[in-house]
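Step one of this worksheet: look at the structure below.
Each value in this text was obtained by applying a stated rule to the coordinates, not by laboratory testing. Quick caveat, the model's predicted, so the values are computed rather than measured. For neighbour counting, all protein chains shown are included, and Cβ atoms are generated from backbone atoms with ideal geometry for every residue, glycine included.
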């Protein structure tokens, strides 16, 4: 018995040691600074249940840090941050949100702290904007469908199928497609404008959606729930990570990554320029970009990792093996901000509305 | 003493209302966020909104929804109150807690419950389809939305009218009965007209709540492409990419503007409030009105309403919490599971969320009732223009849609430095809730106050009692049912409330409402269902105990 305990502690010690040796990215100054700060405030749109494993692991590395994780929606993050910054009262140290456009808008207006994270080398070039805004994930934009109810020959494999199939099988698809409402959802708008860029027949696709009576939604959750129940059979432009999470509970859900091109979307993180705990924020940013953090993200939270050295299905590496050049990441730079240009935006919405009407 | 109280009430209420309202008004005349350096005076927001056809149609839809739900919930709620409070309806003790369920259930959850029950592939729809070959109704329609909004707001009227009915002198009904009137006639010509102030208050408030509805139209209206003002507002936050506060402010103010004609109308109709005083100086013995032959039809009406309004969505939610998947082609027996509850127990901050919710509802609710009682007393029997001013003022916060109120309170707590330190505590949440439900609580209490005949207070004063003593020994005991009723109402409002505090919540101060919304974003509807079942069970227990023990509402 005692022997076993000794043996176990040796193994444990070895494991700990290994952890320390694979994770020692931070500079001594940052670490010392963070120790003094002792606290970290995060505003994030990643919900607290799925982020839990990541936070646990982070806390085990830096037990002296008290992490205040605010699980908010993307608009709330933006509204809070701008008002709090303007009033001079404290705000988050780190903002981590899936509203890529809002995040870059904030960073480009000088709200982000420039930080040359040692982990940058592990990221693709397009994922880092001026050492201020960092793409942290590599999430394919997918078509989710119900395999219990959607016949196999009606499952679209690429974007052209999304035009063809509803026309060929109007009975199957009538009012059975769901997608984001670009007027109410920023993420939905971003994906659709990217589609319009990538796919010359995008407006035909929009019309096809319209003539099959597609319903529009503001939340991924509502869409997946209704695809699961059969109120809809298919949801277009759903972030793959969410489908994987739901699949664990609802085996009828499946996802297609379009073969012609698959958009890749990334949650963007930046450190606030007025952060009260900048060093702690750096530690967290380093951690979520590190191999260790990304592995936890991929394995435990089922969020696709962006690093090429993290392997498995739920990773950029795995996706590249499957789709290669068809992967089209939405790059983390100010090009996204074109979508915020008022006139063009309203024109797009108008065109979308016209297409969706039968 | 009483002068100080009055000024405290007027100034206090003016401050808490004008704080957020003033910011919104100011914001509406700017071209950028008011805290931005480059913000300039501009009428662009008004120009844009007032000429936007989307705004016009959303406003129209909201009007229809508000009218429709008021027409449904006020008569039904009044009737229900009469049946449960004044008659010998069988089993009424057991019915009362159930009636209140729609009040404390989050509207999003309620709507979702309907989707699971009677949506296109809801279990009840599928049964019907199997039986007659089609589903003869459509949940996602204007009619469906109005009907559900109306039915689920019946409890609001019920609480108002029942609390007023409880303090009604039964001898008037007794007299009508002796003269040969049946229960229906007594209700329509005697009892309900006597509590007209409460009925009118509830009508005005429900009308406003109709404009403020968000969860129901989001879940039930959106799939049909129906925009109401709040969902239009929601669209505005994203339409231009970056939230455009000035546009949002103008839409909010358009609803505020509606309160003025509404309050004016209500005041005109209530000009002779004195005639409603019926708690007189004589003793009274209460004997429930026998319903006679109407007994069972009355039970049928109540049970039918309960089935549609409470049972249907509740069963939908409960079912969702117990299955891994549902809908077309699913055998329920194969997907039953307790996993969602297990998973819920591991959810971070859950316990704290529940505790906070009950703290804010119970303790916060009680404190709010005290505040409301002070204000109501200050305004009571005060012939002054200031009372008119108060009447108009208190309606305003409830007219602001949740999305806007939340933002406005964030701004107040950020930019008004003396109260800034409170922002991260539950106290800020309590202030925001108290302000938003001001009209609700206040009217409830003042309605009870109006039922006390002045002769009682005068008698005490003639025998030498001070103003304070009169209040403590005469007025307060007489309105205690009103106070307890409003506490219960406020408790349930606070348990459900979320949007008001959305920007004031943080780790440590989360409530059930905020947990539900955060789960909603990523699609954990199974967990939302499980959480709601837990919520209903907990509030149900509280209600049950309250009604069984100390809090005897049906005196």
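Put a dot 7 Å past the Cα of residue A:174, heading toward its Cβ, do the same for residue B:384, and the two dots end up 6.7 nm apart. Let me know the shape class of the stretch A:48-127, please: from the alpha-carbon gyration tensor, a ≥ b ≥ c as square roots of the eigenvalues, rounded when a/c is under 1.5, otherwise prolate if a/b is greater than b/c, or oblate. It is oblate, given that a/c is not under 1.5 and a/b is not larger than b/c. Contact order for the stretch B:312-402, expressed relative to its length and based on alpha carbon pairs under 8 Å spaced 6+ residues apart, stands at 14 percent.
Here the stretch A:120-196 is treated as a sphere whose radius is the Kirkwood value from Cα pairs; by Stokes-Einstein at 20 °C and 1.002 mPa s it diffuses with a coefficient of 139 µm²/s.
Per residue of peptide B:239-248, the mean number of Cβ atoms on other chains within 10 Å of the residue Cβ is 5.
Ranking request for peptides A:39-48, B:184-193: highest mean number of other beta-carbon atoms within 10 Å first, then the rest in descending order. Don't jump to the answer; show the numbers that get you there.
On the way: A:39-48: 22.0, B:184-193: 17.3.
Packing proxy ranking, top to bottom: A:39-48, B:184-193.
In terms of packing, defined here as the mean over residues of other Cβ atoms within 10 angstrom, the peptides A:135-147, A:100-112, B:154-166, A:49-61 line up highest first as B:154-166, A:135-147, A:100-112, A:49-61.
Shape verdict for the stretch B:195-252, please, from the Cα gyration tensor: rounded (a/c under 1.5), prolate (a/b greater than b/c) or oblate. Write down the numbers at each step before the final one.
Numbers: a/c = 4.71, a/b = 1.84, b/c = 2.56.
Oblate shape, in that a/c is at least 1.5 and b/c is the bigger or equal ratio.
Compute the convex hull volume of the Cα atoms of chain A, divide it by the residue count, and report the result per residue in Å³ as a whole number. Mind dumping the intermediate values first?
Values: hull volume 52.9 nm³, N = 358.
Convex hull of Cα atoms, per residue: 148 Å³.
Arrange the following residues from fewest to most other Cβ atoms within 10 Å of their Cβ: A:250, A:171. Display every interim value, and only then the final one.
On the way: A:250 21, A:171 6.
By the 10 Å Cβ count, ascending, the order reads A:171, A:250.
For chain A, what's the relative contact order in percent, using C-alpha pairs closer than 8 Å and at least 6 residues apart?
Details: 623 pairs, mean separation 95.5, N = 358.
Taking the mean separation of contacting Cα pairs over the length of chain A, I get 27 percent.
Within the protein assembly as shown, antiparallel bridges make up roughly 55 percent of the DSSP beta bridges whose residues both belong there. Comparing mean-square fluctuations of A:275, A:208, A:152 from a GNM of chain A with C-alpha springs under 10 Å, the top value falls on A:152. Kirkwood hydrodynamic radius, computed over distinct alpha-carbon pairs, for the stretch B:299-409: how many Å, to one decimal? By the Kirkwood definition, the hydrodynamic radius is 19.5 Å. Taking chain A as a Gaussian network, Cα atoms linked when under 10 Å apart, which of A:87, A:266, A:219 shows the biggest mean-square fluctuation? Greatest mean-square fluctuation among the candidates belongs to A:87.
In this simple spin-label model, placing a label point 7 Å from the Cα along the Cα-to-Cβ direction at both residue A:116 and residue B:300 gives a separation of 8.4 nm. Comparing mean-square fluctuations of A:298, A:117, A:229 from a GNM of chain A with C-alpha springs under 10 Å, the top value falls on A:229.
Could you give the length gained on full extension between residue B:188 and residue B:260, defined as 0.36 nm per residue of separation minus the Cα-Cα distance, in nm? The partial results should precede the final answer.
Numbers: separation 72, 0.36 × 72 = 25.92 nm, distance 2.90 nm.
The span from residue B:188 to residue B:260 would gain 23.0 nm if fully extended.
In which sequence would B:340, A:232 go, from the one with the fewest C-beta neighbours within 10 Å to the one with the most?
On the way: B:340 23, A:232 31.
Going from least to most buried by this count: B:340, A:232.
Cut-off is 10 Å between beta-carbons; in what order do B:129, B:417 appear when sorted fewest neighbours first?
Lowest to highest Cβ neighbour count: B:417, B:129.
Pull out a ≥ b ≥ c, the square roots of the eigenvalues of the alpha-carbon gyration tensor of the stretch A:294-340, then state rounded if a/c is under 1.5, prolate if not and a/b is larger than b/c, and oblate in the remaining case. Judged from the Cα gyration tensor, the stretch A:294-340 comes out oblate (a/c at least 1.5, b/c at or above a/b). Based on alpha carbons, the Rg and Dmax found for the stretch B:95-202 are 19.3, 55 Å.
Its residue count N fixes a reference of 2.2 N^0.38 Å for the protein assembly as shown, and the Cα radius of gyration divided by that reference is 1.00. With Rh defined as the Kirkwood radius, the inverse of the mean 1/r over Cα pairs, the Rg/Rh of chain B is 0.97.
In percent, what relative contact order does the stretch B:2-548 have, based on Cα pairs under 8 Å that are 6 or more apart in sequence? Write down the numbers at each step before the final one.
Details: 734 pairs, mean separation 132.5, N = 547.
Rounded, it is 24 percent for the stretch B:2-548.
Take each residue of peptide B:229-235, count the partner chain Cβ atoms within 10 Å of its Cβ, and average: the result is 2.
Residues of the stretch B:380-394 with backbone nitrogen within less than 17 Å of a virtual label 7 Å along the Cα-to-Cβ line of residue B:11, please, listed as ranges. Those under the cut-off are B:386-387, B:390. Per residue of peptide A:248-260, the mean number of Cβ atoms on other chains within 10 Å of the residue Cβ is 2.
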